[in-house]
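As C-alpha cells, the structure follows; a few thoughts come after it.
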C-alpha cells in the first residue's frame, strides 16, 4: 500500500441549457431532473445528492450517465459557429487539391495574423 492520495474523479459537467435540451429526450420525473442538475450543472457529487435525498447511488448515477451521454451526442451534432465574413464549404476533390488548399489557407491565416493550428 502506498501513501499517495487517491485522485478524486472529476464528474462530467454540462450547462443548464444543455441539460434542459437533453432531458427532453427522456421521461424523467421533475424531482430526478433536479437531482441530475445538481450533479451535472452544479457539480455536486452523486453520492452527496443521493444520500441527501435518501436514495441509493446507482440509479442516480445511471440517470446522470444517460443524460450526459445525450448531452455529448448533442454536442457532437451541434453546428459549428462560423464567424462573420466566413463561409463554410464541403469540398469533394482529389487529395492533392485538398492538400494544396489546406496549405494556401494556412498561409492566408498566418498572413492575417491568425495563430498556427496545433491540431
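The values are calculated or read from the model by the stated rules, or taken from the named source; none is laboratory data. The structure presented is a predicted model; accordingly, all values stated were derived computationally and were not measured. Note that each Cβ is placed from the backbone with ideal geometry, even for glycine, and that neighbours are counted across all protein chains shown.
Overview of values
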quantity	calculated
Condition met for residue 110 (surrounded by 11 or more Cβ atoms within 10 Å (Cβ to Cβ) and within 22 Å of the chain's Cα centre (by Cα))	no
Verdict on residue 61 being without any contact (Cβ under 8 Å) to a residue 40 or more places away in the chain and in contact with a helix residue (DSSP H, G or I) (Cβ under 8 Å, 6 or more places away or on another chain)	yes
Search result, residues across the range 30-50 that are over 18 Å from residue 16 (Cβ atoms) and out of contact with any helix residue (DSSP H, G or I) (no Cβ under 8 Å at 6 or more places or on another chain)	48
Per-region count, the range 29-45, residues modelled with pLDDT under 95 and more than 19 Å from the chain's Cα centre (by Cα)	0
